Each structure stands twice: as structure tokens, then as C-alpha cells.
Amino acid sequence: MDKLIVHGGNTLSGAINISGAKNASLPILAASLLTEDDVIIRRVPDVSDTNYMIQILSALGAHVERSSGTVRISAQTITHEAPYELVRKMRASICVMGPLLARLGQAMVSLPGGCVIGDRPVDLHLKGLRAIGADIDLEGGNMNMTTPNGLVGTEVDMRGKQGPTVLGTDNLMMAAVLAKGTTVIESAAAEPEVVDLANFLISMGAKIQGAGTRTITIEGVERLHGTEHTIIPDRIEAGTFMVAGAMAAGPEGITINRICKEHLEPVTEKLIESGHSVEFNEEGSSVKVAPASTPKGARIVTAPHPGFPTDMQAQFSALYATTPGLSVIEDTIFPQRFMHCAEMSRMGANMKVDNGTAVIDGTDKLSAAPVMASDLRASAALVLAALNAEGSTEINRLYHIDRGYEHIDEKLLALGAKVERVKER
Ligand code: EPU
């Protein structure tokens, strides 16, 4: 197991490139099961979550080749059973359900287990798939699915207590593309990653309208064909480095390339509200972020896209921990996703978490301490806090960050941070 040592206090400068989006790659890799033809996907980030997904595709019988960000998949003959040993490692494995049902008429996928960011049920996934004709038995920790009368399109409202579901929308969309008739997904997730999946499916011959809005209409087709696709830039990785710019760059700022401006609006708005400088180039493909001379605290309430992403709240907790004054962060999507606050408190942050809300009384400087990463975005927040802290912070359980940030240590080094990856004993 690796750990990261961050020697804090260095001023960041220079430029980095953002990788392809992890959360777009995972369902798109799964969707390659929908055709017997070859599929080529570019800019797939080299992170452990995409590696797990590739292992699952291989275990299902697909032939997968990967070389520097490009993945070629040939799923000529596949089986319907996703092995538990792989599925249990990553919740997003459940996005093979839709493609397997559509292609084979059956699927057996383990129920994903608990998750440190909170209760993560699959009821909406099941609701969507059942609505279009799947028979689903839950037995022995598995979801056994069959389609006795085939998949048949219908209208489904996918709204849950916390709003729309991203992977639930993806699963239903992937199943519906080969169903008979028309499926209308109401209260659909509108995240850019859902739009990227829809564009991928459309390039395979699917008929989908409305992706990116709350109503997606899918007219089933007989078969899908091979395609080539480039994954969108990772807006969460970009947002994380934008926060790094606000927390630790010099007056010249840092430049973050290969981004998509329109996906970064809520993050940009919050950085500007705190007084930081955020300047995009004309094409919106690059941004320069520099810190405010006297930053101000702010209030964030997470919400489904186009609201402020839950996947960015931990990083903003780190920012506000080092912004003098009061800030408040409420996570309405995963109210238990505040494990990073206890760890940051060990570095001198003043944070009180209650009932899905963190109240943060910012201080100028944090101090180094050994800390433990608890999940992907929490670990990113700890890295950000450590960049600002005085002394050397040891971040243990680095595998969490390697699930979703491609070459994070190399990118930080390129910006002038002093970081070392070392093997934990
Ligand atoms: N929900 C249900 N029932 C369901 C599914 C979800 O009640 O069947 C609830 C969840 O408990 C949550 C809300 O609906 O309160 C939204 O969850 P969603 O289903 O949208 O989450 P997800 O699709 O499982 C994706 C991302 C997460 C991100 C969330 C929210 C991927 C692979 N994962 O998860 O990303 O936090 O959407 O935007 O796309 C991360 O990258 O660190 C990460 C956790």
C-alpha cells in the first residue's frame, strides 16, 4: 500500500493537462458490451476503477486491449455472470446490468456492498429495469435478472428521495437502447457524464433524445454497431486542481488545460464568490486560477447537475478550512460524506459536522499530521489541505486516490508541489 508525503507550503505554478473523466469512462466501457463489433474508446484514464471495469469486461468474455489511454474492446461472445470478487471492489460495476440484459436477456450481478460515503441503495436501478420488463430476484447477495417477455419501452420516473440517479439513469438508458418501442426516462440525471454515454450510444446507432435534460427519450433499435469515441475531460479532477490553484498558487496562478468550461460553472462560481481569480481562454478549454489576496468564506449546498457537485464538496471543505471566516457546506446527496473533516481537524482545521452539514471556521494555515484517506474525494481534500499545511503530511491509504486521479503525484510535481509516493509497511 502506498502513502503520499506532502511537504507543504510550496507555491504552485505552471500547467497541467486534465485526464478523461473516470465517471464517463466506467459506463461507456460497460456499454461496449452492447455490440459484437469492435469499439475504440480514447482518453480512458489509467486509474484503478477503469482497470476494475476492464477486468470485469474481460471476465465476461470480452477481448480488451489497452494502450496509453486508448481501449479497444471486442465483445463478440459474452456471458451474463459478473464475478463477485470483481464487482465487490467497485460500486460502478453495476452498470454492466443494463448492457447484459439488453444484449443477452439475462444478467447476474452481485449486489454492491456498503460504501463509506453513505447508504447507496440500488432500488432505482431495479425500478427502471423492472419497468421495461426485467424480472429480478435478489438471492444470495446477487441480482438475478431475466427478461421472460423481452425488454419493452415504457415511461419511468426515476426520481429518488435525493433526486435523480446518475448510474441508475445510465443503466436504464443502456438497457432501453435495444428494447422494443420507446422508453421515456422522467427525472433523469443530467450530468455531463450521462450526456457522454448518450453520445457514445448514439454513435453506435442508438436513438436517444434529451440527454442533459430531465427527460430522456429512447427509441429502441434492433442492433448497435462498433464506434470510436473520446471521453470528455474529468470535471472533478479539473475542479480539484482549480481548488489547488486557489489554495496554493502564486499570484501568477496555475493553468489547467484540456477542460470543458461549461462543466465547471458551479465550481467557478464558488471560487469567484470567495474572491479567487478564474480566467478561461476563449474556447473554454483552459483555465488559469490564482488565489485571492483576502479570500472570503461562502456557503455551498450540493445538488444534482447543474448544481454544485457532491464530488467537489470535500475539496471545498479543504479550501474553506484555510479561508478565514465562516463557511457552510451542506451535502444533500450524500449527507454522511464528511469523513475528511475529522482527518482535517487533526491538521488544525475547525470543522463541526452535524446532520449532513459542515460548519467551518477557517484559519490561515493548517499544520501537518499523519492522516488517513477514507474515500476518493476525501483523499483529494487531504492532499489539498496538506499543500497548505506547515510541515510534512503523511496521507495513508493512497489507493483511494488512485481509484480516480490519474498520476496525481506527477501532476502535483509538475506544478511545483513537493510530494513523494512511498510504500507503506
Ligand atoms: N440513490 C437511491 N437509489 C438508487 C440509486 C441512488 O436512493 O437506486 C440515491 C443515492 O443514495 C444518492 C442519490 O440517489 O443519495 C444520487 O446517487 P447516484 O445514483 O446519482 O450516484 P451514483 O450514480 O451511484 C455517481 C458517481 C458518484 C457521484 C454520484 C452523484 C459514478 C461512477 N459515480 O454515483 O461519484 O458522487 O453519481 O453525483 O459515476 C466519485 O466519483 O467520487 C463518486 C462517488
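Whenever a residue of the stretch 156-171 is in the same structural domain as Met145 (by TED's automatic domain parsing), its partners that are near the ligand (Cβ under 6 Å from one of its atoms) and of a type in the set (S, T, N, Q), lying with C-beta atoms within less than 8 angstrom and at least six residues away or across chains, give the pairs Met158/Thr165; Val166/Asn23. Scanning the stretch 149-177 for residues that are near the ligand (Cβ under 9 Å from one of its atoms) and of a type in the set (Gly, Ala, Ser) gives Gly160, Gly163, Gly168. Candidates in the stretch 261-284 are the residues that are in contact with a Ser or Thr (Cβ under 8 Å, 6 or more places away or on another chain) and of a type in the set (Gly, Ala, Ser); of these, the one that is surrounded by the fewest Cβ atoms within 10 Å (Cβ to Cβ) is Gly275.
Kindly establish whether Val39 is within 19 Å of the chain's Cα centre (by Cα), crowded, with 16+ Cβ neighbours inside 10 Å and not small (Gly, Ala, Ser). So Val39 does not fit the description; no.
Using the structure shown, decide if Arg377 is part of a loop (DSSP other than H, G, I, E, B), within 22 Å of the chain's Cα centre (by Cα) and either more than 16 Å from Met247 (Cβ to Cβ) or within 16 Å of the ligand (Cβ to nearest atom) (or both).
Numbers: part of a loop (DSSP other than H, G, I, E, B): no; within 22 Å of the chain's Cα centre (by Cα): yes; either more than 16 Å from Met247 (Cβ to Cβ) or within 16 Å of the ligand (Cβ to nearest atom) (or both): yes.
No.
From the list Glu228, Glu222, Glu191, pick out the single residue that is surrounded by 22 or more Cβ atoms within 10 Å (Cβ to Cβ) and either among the acidic types (Asp, Glu) or within 18 Å of His305 (Cβ to Cβ) (or both). Result of the check over Glu228, Glu222, Glu191: Glu191.
Based on this model, can you work out whether Ile401 counts as without any contact (Cβ under 8 Å) to a residue 40 or more places away in the chain, surrounded by 24 or more Cβ atoms within 10 Å (Cβ to Cβ) and within 21 Å of Ala248 (Cβ to Cβ)? The answer is no for Ile401. When you scan the stretch 57-74, do you find a residue that is surrounded by fewer than 19 Cβ atoms within 10 Å (Cβ to Cβ), modelled with pLDDT under 95 and within 15 Å of the ligand (Cβ to nearest atom), even just one? Taking every residue of the stretch 57-74 in turn, none turns out to be surrounded by fewer than 19 Cβ atoms within 10 Å (Cβ to Cβ), modelled with pLDDT under 95 and within 15 Å of the ligand (Cβ to nearest atom). If you take the residues of the stretch 234-243 that are out of contact with any strand residue (DSSP E or B) (no Cβ under 6 Å at 6 or more places or on another chain) and over 15 Å from His305 (Cβ atoms), which of them is surrounded by the fewest Cβ atoms within 10 Å (Cβ to Cβ)? Among those residues, the one meeting the criterion is Val243. Of all residues in the stretch 58-71, those that are assigned by TED's automatic domain parsing to the domain that holds Leu29 have Cβ atoms under 9 Å from Cβ atoms of residues that are in a helix (DSSP H, G or I) and hydroxyl-bearing (Ser, Thr, Tyr), 6 or more apart or on another chain, in Ala62/Ser32; Val64/Ser32; Val64/Ser58; Arg66/Thr50; Val71/Ser25; Val71/Ser32; Val71/Thr50. Scan the stretch 100-108 and give yes if some residue there is without any contact (Cβ under 8 Å) to a residue 60 or more places away in the chain, more than 13 Å from the ligand (Cβ to nearest atom) and in contact with an Asp or Glu (Cβ under 6 Å, 6 or more places away or on another chain), otherwise no. For the stretch 100-108, residues without any contact (Cβ under 8 Å) to a residue 60 or more places away in the chain, more than 13 Å from the ligand (Cβ to nearest atom) and in contact with an Asp or Glu (Cβ under 6 Å, 6 or more places away or on another chain): present.
For the stretch 88-131, the set of residues classified as within 17 Å of Thr165 (Cα to Cα) and among the β-branched types (Val, Ile, Thr) consists of Ile94, Val96, Ile117, Val122, listed by residue number. What do you reckon, is Ala385 outside any loop (DSSP other than H, G, I, E, B) and farther than 11 Å from Val6 by Cβ? No; evaluated as a whole, the condition is false for this residue.
Does Ile78 satisfy being β-branched (Val, Ile, Thr) and within 16 Å of the ligand (Cβ to nearest atom)? Write out each step before concluding.
Numbers: β-branched (Val, Ile, Thr): yes; within 16 Å of the ligand (Cβ to nearest atom): no.
Answer is no for this residue.
Whether a residue is touching a residue at least 24 places away in the same chain (Cβ under 8 Å), of a type in the set (A, V, I, L, M) and closer than 30 Å to Lys270 by Cβ was assessed, and Ile231 passes this test. Figure legend. Inter-residue proximity from the stretch 404-416: first residues on the phi < 0 side of the Ramachandran plot, second residues of a type outside the set (Asp, Glu) and in a loop (DSSP other than H, G, I, E, B), beta-carbon distance below 7 Å, spacing 6+ or different chains. Indicated pairs: Gly404/Val47; Tyr405/Val47; Glu406/Ser19; Glu406/Pro45; Glu406/Val47.
One line per residue, one yes/no per condition, for (1) of a type in the set (Lys, Arg); (2) in contact with a strand residue (DSSP E or B) (Cβ under 6 Å, 6 or more places away or on another chain); (3) crowded, with 24+ Cβ neighbours inside 10 Å:
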| position | (1), (2), (3) |
| --- | --- |
| Met344 | no, no, yes |
| Ala349 | no, no, yes |
| Asp361 | no, yes, no |
| Ala369 | no, no, no |
| Asp375 | no, no, no |
| Ala380 | no, no, yes |
| Glu420 | no, yes, no |
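Of the residues making up the stretch 273-297, just one is hydrophobic (A, V, I, L, M, F, W, C) and touching a Lys or Arg at 6+ places or on another chain (Cβ under 6 Å), namely Phe280.
Within the stretch 313-327, residues that are under 13 Å from Gly275 (Cβ atoms) reach partners that are of a type in the set (Val, Ile, Thr) and at pLDDT 95 or above with beta carbons closer than 6 Å, at six or more positions or on different chains, in the pairs Leu319/Val243; Tyr320/Ile360; Ser327/Ile360. Under the condition of being of a type in the set (Ser, Thr, Tyr) and more than 20 Å from the chain's Cα centre (by Cα), the residues counted in the stretch 286-311 number 3.
The values are calculated or read from the model by the stated rules, or taken from the named source; none is laboratory data. Please read these numbers as outputs of a predicted model, since none were measured by experiment. Quick reminder, even Gly has a Cβ in these numbers, built from the backbone with ideal geometry, and neighbours come from all protein chains shown.
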